[in-house]
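Here the structure comes first, spelled out in C-alpha cells, and everything after it is commentary.
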C-alpha cells in the first residue's frame with residue numbers, strides 16, 4: 001500500500017509539473033488533508049532528476065502547484081551542493097522556490113548561511129548571508145567569513161556574486177567591498193583575482209604579488225601578476241593553451257627597477273610539446289633573459305648556464321629518429337658564451353631488424369657545434385660530423401646457466417673542422433669493434449629472501465683506421481655501473497677506447513619482504529692506455545675500481561652510493577638518499593670531485609645538499625633545505641618554510657638565504673608569505689575539521 005501511494009504521489013507531481021521524467025517519494029504516512037492537499041509525513045524522501053530531498057513533512061497543494069516542506073530539510077542536487085533549511089516552499093521539480101533559515105553547502109567545503117534562500121532555475125539568491133569554509137561552533141565566530149546583504153550563486157557560470165560584502169577575521173571587519181565575485185568550489189577557471197602573496201628580499205624590499213586570472217575560452221588562459229616593491233615595478237605573465245595535438249606555455253616578465261637603471265629588464269620562456277601524428281613528437285624549451293642577475297633577483301632560477309632546446313622524435317615500429325638543437329648562454333665567471341660552444345646540434349635516424357638470433361641496429365647521424373668567438377684557436381673552432389653505424393647484439397644461455405652475449409659494431413665517420421688551421425682537410429675514420437660478455441647467475445632462495453650473484457667477464461676490442469678529430473664531445477667521461485661492461489664507454493663520437501680490454505666484476509642482488517639491495521664492483525684492464533681525465537676513473541691501462549650499491553625499503557626509502565677507488569683511495573664519489581614516506585619527504589646528496597684540470601676543476605669540490613619536508617599532521621608541514629660547500633667550509637644556500645592549514649585557510653611562510661656571490665650578485669635573503677582561503681575555486685580540500693569545544 002505504501003509503495004502504491006508513493007507512486008500515486010509521484011504521478012501527481014509529474015502531472016503538476018507537466019514533465020515526463022521519473023519522480024518518486026517515500027514516507028511513513030501518506031494522506032489527503034481537509035484542504036485537499038496531498039501530504040507525506042514522517043521520514044520523507046523525494047527523488048527527482050538526481051535531486052534528493054529529505055524532510056519531516058511534504059505537502060502538495062494542486063491549487064497553487066507548490067510544495068510546502070517542514071524541516072529539518074536536507075536537499076542534495078546532482079552537482080553535490082547541499083541545502084538545509086527549517087521551512088521551504090518549492091515547485092514539484094524541487095528547483096524553484098524559497099527556503100527560510102537555510103544553509104547552502106557547496107562541494108562539502110563552502111557553506112553559506114542565510115535568512116532566506118530563493119531558487120529560480122540555475123540561480124540561488126541568499127538574503128542576509130554569511131559565507132565561510134571554516135567550522136562554525138556555537139558562541140564562536142569562524143576564523144574567517146564574508147558577510148553580505150545578498151549572495152547569488154550562478155550554478156551555470158560557477159560564480160558567487162556578493163553585494164555589500166565584508167571580510168571578517170574572528171568577527172573583526174578587515175575589508176569592505178560594494179561588489180565581490182568569487183568562483184565556487186567546482187569552478188577551476190573563473191576569471192578574477194587569485195590570492196596575493198608577499199615577498200621580501202634584500203635587493204627589492206617588501207613586495208606584493210597580485211595575480212589576475214583571465215580565461216580565454218575552454219583551452220586558453222592568461223595570468224597577469226603585478227609585482228610591486230620599493231625597488232621594482234614588475235608585470236609577470238603566463239599564457240597557456242591546449243591544442244588537440246599538444247600544449248603551449250609562455251612565461252615572462254618585464255621590469256623597471258632601481259637595480260639596473262640602464263635598461264628595462266625581463267625574461268621570456270616558451271615551453272611546448274606537440275604530437276602531430278605518425279609517431280612524431282615535437283618539443284621545445286626556449287628561454288631568453290635581459291641580464292645574468294635578473295632570474296636570481298626575482299626568484300625564477302639560480303642557474304649559471306641558460307639552456308634552450310628544440311627536439312624532434314619519431315618512433316614508428318622498428319625505426320627511431322631523434323634530433324635536438326641546443327643554445328647555451330653562460331653566466332659563469334671566467335667563461336664566455338662564444339667559446340662554449342653555444343650552439344649544439346644532433347640528428348640520428350636508426351632502424352632495428354632481427355638477424356642471426358639477435359638484433360641488428362643500423363643508422364645514420366650527424367653532430368655539429370658552432371662557436372661565435374672570433375679567431376683560429378680552440379676557443380673559436382667549429383665542427384660537423386656525418387656518420388653511419390651498424391650494431392649487432394645477441395645472447396644465448398649454455399649449460400648450467402652460463403649467459404654469453406656478443407656484440408659487433410662498425411662506425412664510419414667524416415668530420416669537417418672550421419676555424420682551426422691544424423685541421424684544414426676533412427677527417428675520415430672507420431672504427432670496427434666487438435665484445436663477448438660472460439655472466440654466470442647464481443641464485444639462492446631461503447624463505448622470503450632471494451639472492452642473485454653474477455660473476456661477469458667481458459672481452460672487447462676496438463680498432464681504428466684514419467685520423468682522430470679534436471675531442472669536443474667526450475671530455476666529461478666517467479666510469480659507472482651502466483658502462484662498466486659496455487663496448488663504448490665514452491659519451492661522444494670523437495674519442496675511441498682503442499685496443500683490447502677486459503672488464504671483470506661481481507653483481508649481487510637481494511630481494512626480501514621489506515627491502516631490496518644491489519651491489520656492483522668491477523674494474524677494467526687494457527693493452528693500450530686511454531687518455532681521459534684522472535677523475536673519470538677510465539684513464540691509463542688499469543681503470544679505477546668501481547664500487548656501487550643501492551638499498552630500497554618498502555616505505556619509500558632509497559639509498560644509492562658510488563665511488564671510484566684508486567689504490568684504495570676514494571676518488572670521485574657520490575651518495576644519495578631519497579625518501580617519500582607518508583609523513584616525510586627527503587632528498588639528500590653528497591658529492592666529492594677531486595681536482596682535475598681536464599675537467600676545468602683546479603681545486604677539489606665537495607658538497608652536500610638536503611631538501612626535506614615533515615608533515616606531523618594534516619595541518620602542519622615543515623620544510624628545510626640547504627647546500628654546504630665542504631671545501632670552503634661555508635654554506636652556499638639555506639631555506640626553511642612552514643605551512644599551516646585547517647579546513648578553511650592555508651598559510652605558507654618561507655625564507656631562503658643565498659650565500660654565494662659573483663661580480664653581479666652578492667649574498668641575498670628572500671622571505672615569502674602566502675595565504676590561501678580554501679573553499680573557493682576547485683582545488684585540494686583543506687585539513688580535517690576539528691571538534692567544537694564548549
Worksheet item: Assuming R0 = 41 Å, what is the FRET efficiency of residue 223 and residue 65, from their Cβ-Cβ distance, to the nearest 0.05?
Response: 0.30
Worksheet entry | Prolate/oblate/rounded call for region 545-682, Cα gyration tensor, a/c under 1.5 rounded | oblate
Discussion item. With every atom except the alpha carbons ignored, what do you get for Rg and Dmax of the chain, in angstroms?
Written reply: 35.1, 113
Fill in: Amide N of region 606-639 lying under 13 Å from the label point, which is placed 7 angstrom from the Cα of residue 302 along Cα→Cβ
608-611, 625-629, 635-639
Response to the item:
Here the Kirkwood hydrodynamic radius of region 317-384, Cα-based and in Å, equals 14.4
Discussion item. Can you give me the orientation-averaged projected area of the convex hull built on the Cα atoms of region 306-459, in nm²?
Written reply: 15.0
Practice prompt. Report, to the nearest 10°, how far helix 2-17 tilts away from the longest principal axis of the Cα atoms in the chain, using its own Cα long axis and a range of 0 to 90°.
Written response: 90
Discussion item. Run the simple label-point estimate for residue 241 and residue 379 please: 7 Å along Cα→C-beta, distance reported in nm.
Written reply: 4.3
Worksheet item: Order of 149, 264 from fewest to most other C-beta atoms within 10 Å?
Response: 264, 149
Fill in: Mean separation of Cα contacts under 8 Å (6+ apart) over length of the chain, as relative contact order %
6
Discussion item. If R₀ is 60 angstrom, what is the calculated FRET efficiency for the pair residue 412 and residue 212, using the beta carbon separation as r and rounding to 0.05?
Written reply: 0.55
Discussion item. Distance between the C-alpha centers of region 42-102 and region 369-426? Whole Å please.
Written reply: 78
Worksheet item: Distance in nm between label sites at residue 662 and residue 559, each 7 Å beyond Cα in the beta-carbon direction?
Response: 3.7
Worksheet item: How much FRET efficiency would the formula 1/(1 + (r/R0)^6) give for residue 335 and residue 191, where r is the Cβ-Cβ distance and R0 is 30 Å, rounded to 0.05?
Response: 0.10
Practice prompt. Give the residues of region 383-408 whose amide nitrogen is closer than 15 Å to a point set 7 Å from the Cα of residue 353 in the direction of its Cβ.
Written response: 389-393
Response to the item:
In terms of the alpha carbon gyration tensor, root eigenvalues a ≥ b ≥ c, rounded if a/c is under 1.5 and otherwise prolate when a/b exceeds b/c or oblate, region 257-313 is prolate
Fill in: Net length gained if the chain between residue 74 and residue 136 were fully extended (0.36 nm per residue, minus Cα distance)
20.5 nm
Item to complete: For region 177-236, just list the percent of Cα-Cα distances falling in each 10 Å bin from zero outward, please.
Response: 20, 41, 27, 11, 0
Worksheet item: Full extension from residue 202 to residue 404: what is 0.36 nm times the residue separation minus their Cα-Cα distance, to one decimal in nm?
Response: 66.4 nm
Worksheet item: Going by a ≥ b ≥ c, the root eigenvalues of the Cα gyration tensor, does region 2-189 fall in the rounded group (a/c under 1.5), the prolate group (a/b larger than b/c) or the oblate group?
Response: prolate
Discussion item. Taking 8 Å as the Cα distance limit and 6 or more residues as the minimum spacing, I'd like the relative contact order of region 2-189 as a percentage.
Written reply: 10
Fill in: By average C-beta atoms within 10 angstrom, highest first, the peptides 74-80, 162-168
162-168, 74-80
Item to complete: Send over the per residue convex hull volume for region 133-283, Cα only, as a whole number of Å³.
Response: 183
Worksheet entry | Fewest-first sequence of 297, 618 by Cβ atoms within 10 Å of each Cβ | 618, 297
Discussion item. At a 10 angstrom cut-off on C-beta neighbours, averaged per residue, how do the peptides 306-317, 519-530 rank from highest to lowest?
Written reply: 519-530, 306-317
Item to complete: Take the alpha carbon atoms of region 78-182, find their radius of gyration, then divide it by 2.2 N^0.38 Å using N residues; give the quotient.
Response: 1.04
Discussion item. Suppose we look only past 16 Å in the calculated P(r) of region 247-370. What percent of the Cα-Cα pairs does that tail hold?
Written reply: 72
Practice prompt. Please quote Rg/Rh for region 343-424 to two decimal places, taking the Kirkwood radius as Rh and restricting both calculations to Cα atoms.
Written response: 1.24
Worksheet item: Using a simple spin-label model with points 7 Å from Cα along the Cα→Cβ vector, what separation in nm is obtained for residue 56 and residue 569?
Response: 9.0
Practice prompt. Report the residues of region 323-358 in range of a label on residue 364: point 7 Å along Cα→C-beta, backbone N strictly under 20 Å from it.
Written response: 323-325, 345-353
Worksheet item: Roughly speaking, what is the stretch gain from residue 642 to residue 343, that is 0.36 nm per residue apart minus the C-alpha to C-alpha distance, in nm to one decimal?
Response: 103.4 nm
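Quick note: the coordinates plus some simple rules give every number you see, no bench work behind them. From a predicted model like this one, the values you see are computed outputs, not experimental measurements. Virtual Cβ from ideal backbone geometry, glycine too; neighbours counted across all protein chains shown.
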